[in-house]
Amino acid sequence: MSEEELNPWAIAQQQFDQAAGLLQLEEPMRFFLREPMREFHVTFPVKMDDGNVRIFKGFRVQYNDARGPTKGGIRFHPEETIDTVRALAAWMTWKCAVVDIPLGGGKGGVICNPKEMSKTELERLSRGYIRALGHYIGPETDVPAPDVYTDAQVMAWMMDEYSIMTGYNVPGVITGKPLPLGGSAGRGDATARGGMYCIREAAKVLGIDLGTATIAIQGYGNAGQFAHKLIAEMFGSRVVAVSDSRGGIYNPEGLDFEATFAHRQATGVVKDFPGAQNISNAELLELDVDLLIPAALENQITAENAPRIKARIMAELANGPTTPEADEILFQDGVYVIPDFLCNAGGVTVSYFEQVQNAYDFYWKAEEVYERLDEKMTRAFHAVHEMAQKHGVHNRMAAYMVAVHRVAEAVRLRGWV
Ligand code: GLU
C-alpha cells in the first residue's frame, strides 16, 4: 500500500474534490472553494516572566465568508502548522453550513506550548496575538472562539485587548467568553451536547438501545470530559474507557464520571485510576464497544487501525480524527460514522447563539439554548443521513455534499462565480 496521506490540508482538499465531483460543481467554483480566501501569518513578541522576550508565530485563516463572517477557534499548540489551520478553517466553513448558521469558516493558531507557560505569559501571548491580528477580525468580519488548549479565560483576555484597540467594549468579537463578560449559557458543554443529540438520532435510525450501550472516549479535554458527563446524564450508557494524551483507562463495569474527573483533577491524568486497567490510546480505539468517541486530535483512525475498529457508531467530537482511507474501510465494515463537522458543530452553533445574544444584549436561559441547539443538530443530522442514503455514500461525504452545496449557492447568489 502506498504511504497514507496525513497532511490535514491535503486531506481536506481531497475530501472537497470528491464532494465537488459528486455535486458536479462548475470548474471556477471548485477552484474558489478548494482554497482559503484570505490568510494571515503573524510574528509577534511576548515578554516572558524571566524578563526575556520570545518571538511567536501565529496564523489566522479566513477560509470562506460567502454565508457570513468567518468563524472558528484559535489553537495554541507546539506543532501548529499553517496546513493544519487551513484544513480546520475549511472544516469550519462546512461545519457552519451543515448546521445552517449564517457564518463562514475560519481558524487560528499559535505555535507555542501552553503547558510550559505561566498564566501571565499566556495572557501576554493572547493579547499579543490580538494586537497582531486585531485589525483583521471583528464581529462583522471574523469571530474567533476557543479550541485546542484555549479556553474562556483566553477569550476574555482577547476580547479585552480587542476592546482596548477599538476604544469601547466589543463582546461580539469573540465567543466562548466567560458568562460575566457576555458568554452564553450552555457554551461550555455545547460541543459534547451537540454530539449527544447526533448520537441519540443515530441510535434511533440504527435501532440501538443507548441505555445498554458501552462507550469509549478518546481525549479528555473540553469535548471528551463533557461527553463522559452527558452520556451518564442523558442516556445512562456505560462509559467503559476514557483517555487523555498520557494514556487511557478501561473498566468493563463502567467508569463513573465524578470519580474519574476528581482523579484527574487530583493527579493531572486519567491513568492509574483505582479499579481500572491502564490502556494505551491505540488500544482504546480498538475496544469492543458499541460507540467510539474520538475527542482528541487529527489522524487517530487511519488505514492501519481502521480494520480493527469494532464500534457500531463512531461519533467524532475531534476535528479530523479519521483519514479518507480509513473512511472507506469503516464504510465497508458498516461502522456508522457521525463525521466531525456535523458531530462537533454544537460548539459553533452555541457560539452563534452567543453572537446573537451579544448583538441584542439580552441573554437566554440554558434550557432555551439547549432547545435551539437540539433543533439545529437534529435537523442537520437528518439532512446528512438522508443525503447518504440517497447517494449511497458515507456520512462524511454526505455532510460535505450538504455543506458544499449550501456554500456554493451563497457564492452564486452573490454573483461571485
Ligand atoms: N473550536 C470549535 C470548533 O472547532 C468552535 C468554533 C467556534 O465556536 O467558533 O468547532
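The values are calculated or read from the model by the stated rules, or taken from the named source; none is laboratory data. Because the structure is a prediction, the values reported are computed rather than measured. Don't worry about glycine lacking a Cβ; one is built from the backbone with ideal geometry, like all the others, and counts go over all protein chains shown. For accessibility, only protein heavy atoms count, side chains too; no ligands or nucleic acids. Shrake-Rupley method; radii C 1.70, N 1.55, O 1.52, S 1.80 Å.
A compact table of results
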{"read-out": "Number of the condition not met by Phe40 [criteria: (1) open to solvent by 10 Å² or more (accessible area, probe 1.4 Å); (2) within 20 Å of the chain's Cα centre (by Cα); (3) of a type in the set (Phe, Trp, Tyr)]", "value": "(2)"}
{"read-out": "Flag if Ile338 is over 23 Å from Phe16 (Cβ atoms) and in contact (Cβ under 8 Å) with a residue 12 or more places away in the chain", "value": "no"}
{"read-out": "Matching option when the condition is in a loop (DSSP other than H, G, I, E, B) and at pLDDT 95 or above, among Gly58, Gly21, Gly51", "value": "Gly51"}
{"read-out": "Any hit, region 322-332, residues being open to solvent by 10 Å² or more (accessible area, probe 1.4 Å), within 23 Å of Leu230 (Cα to Cα) and assigned to a helix (DSSP H, G or I)", "value": "no"}
{"read-out": "Cys198, sole failed condition from (1) more than 15 Å from the ligand (Cβ to nearest atom); (2) open to solvent by less than 10 Å² (accessible area, probe 1.4 Å)", "value": "(1)"}
{"read-out": "For Tyr352: the one exception among (1) more than 12 Å from the ligand (Cβ to nearest atom); (2) under 16 Å from Pro139 (Cβ atoms); (3) touching a Lys or Arg at 6+ places or on another chain (Cβ under 9 Å)", "value": "(1)"}
{"read-out": "Some residue of region 288-302 being over 25 Å from Ala190 (Cβ atoms) and open to solvent by less than 30 Å² (accessible area, probe 1.4 Å)", "value": "yes"}
{"read-out": "Selection within region 94-131 - open to solvent by less than 10 Å² (accessible area, probe 1.4 Å) and either modelled with pLDDT under 95 or not in a helix (DSSP H, G or I) (or both)", "value": "Val99, Ile101, Leu103, Gly104, Gly105, Gly106, Lys107, Gly108, Gly109, Val110, Cys112"}
